[in-house]
Amino acid sequence: MNRSSSPSSRWPLVAVLLIVGTFAIYVSHVKKTANAPTAAPVSPPPPAASPAPAGAPAAAPASPALSGPGTFYPSQGHAHWDESRLKDFQYNSNPPTSGPHEEVFADGYISKTPLSKAIQAHLLEHGNVLIQYHCTCPSLVKKLEEISRSFDTYNPQMAMEMGKAVLIAPNPTIGKNKIALTAWTRLEMLGHYDEGAIKAFITAWLGNDRNSRQ
């Protein structure tokens with residue numbers, strides 16, 4: 001007579017089935033993982049720029065100033081304006097060393113009357129040098145005129161156009177007993193006649209294309 005299998009005799013079979021099923025699930029998962037496209041690695045974002053510490057000095061821009069005698073004043077441009085616009089314009093130096101101006105030259109190397117600021121700026125734009133004075137001093141004026149004539153090698157209008165003129169003029173705005181030397185973007189004030197300083201200024205800036213292009 002046949003007997004039914006006891007529950008205890010079926011446990012080995014159940015254990016084998018569980019092992020086989022688990023292995024089949026594992027193999028299936030490995031195949032899916034192997035066939036999946038690989039995602040490109042994500043680059044981390046660049047670090048944000050750190051703000052400058054409080055009180056830290058700002059980076060200084062490159063200076064356009066050329067080395068040489070006198071004080072440098074930043075260029076206010078080369079614009080050509082008519083007289084009605086120029087009357088309210090504020091130049092950044094006195095006498096002016098750059099800025100908008102009329103396209104008018106002086107009448108000659110030596111002027112017995114003050115030159116307008118607009119004419120001064122135009123003369124400097126071409127590379128000329130101005131020597132202006134404020135005093136009742138005939139002997140000084142004579143010395144300044146002699147310096148001007150030592151550079152007088154061209155017709156005055158041609159010299160001014162070429163930036164080869166040294167011009168002399170009175171200027172009551174610069175302070176009593178003062179001499180003002182000006183070139184484009186450059187000013188030197190003297191409290192007395194100094195021939196060496198005057199000639200050094202002229203030598204540095206007369207006809208200086210690099211200076212007048214600033």
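Observations on the structure shown:
- When Lys117 is tested against (1) of a type in the set (Lys, Arg); (2) at pLDDT 95 or above; (3) surrounded by 15 or more Cβ atoms within 10 Å (Cβ to Cβ), exactly one condition is not met: (2).
- Whether a residue is closer than 17 Å to Phe201 by Cα, outside any strand (DSSP E or B), within 36 Å of the chain's Cα centre (by Cα) and of a type in the set (A, V, I, L, M, F, W, C) was assessed, and Ile174 does not pass this test.
- Beta carbons closer than 8 Å, at least 6 apart along the sequence or on distinct chains, pair a first residue in region 188-214 that is at positive phi with a second that is among the small types (Gly, Ala, Ser) for Gly207/Gly127; Gly207/Gly163.
- Count - residues of region 115-165 that are in contact (Cβ under 8 Å) with a residue 60 or more places away in the chain and not in a helix (DSSP H, G or I): 5
- Residue within region 63-79 that is more than 24 Å from Asn177 (Cα to Cα), hydrophobic (A, V, I, L, M, F, W, C) and modelled with pLDDT under 75 present: yes
- In region 142-165, the residues that are surrounded by fewer than 16 Cβ atoms within 10 Å (Cβ to Cβ) and under 14 Å from Glu125 (Cα atoms): Glu161, Met162
- Among the residues examined, Gly108 does not qualify as touching a Lys or Arg at 6+ places or on another chain (Cβ under 8 Å), of a type in the set (Gly, Ala, Ser), part of a loop (DSSP other than H, G, I, E, B) and farther than 25 Å from Gly175 by Cβ.
- Considering residues of region 74-114 that are touching a residue at least 60 places away in the same chain (Cβ under 8 Å), over 24 Å from Thr153 (Cβ atoms) and buried (at least 21 other Cβ atoms within 10 Å of the Cβ) only, the residue farthest from the chain's Cα centre (by Cα): Pro95
- Meets criteria (in contact (Cβ under 8 Å) with a residue 12 or more places away in the chain, farther than 18 Å from His126 by Cα, of a type in the set (Val, Ile, Thr) and not in a loop (DSSP other than H, G, I, E, B)) for Ile168: no
- Checking the stated criteria, Thr182 turns out to be buried (at least 16 other Cβ atoms within 10 Å of the Cβ) and either more than 18 Å from Leu124 (Cβ to Cβ) or polar (S, T, N, Q) (or both).
- Test: Gly175 is at positive phi and surrounded by 15 or more Cβ atoms within 10 Å (Cβ to Cβ): no
The values are calculated or read from the model by the stated rules, or taken from the named source; none is laboratory data. These figures come from a predicted structure and were not determined experimentally. Here Cβ is always computed from backbone atoms with ideal geometry, including for glycine, and neighbour counts include all displayed protein chains.
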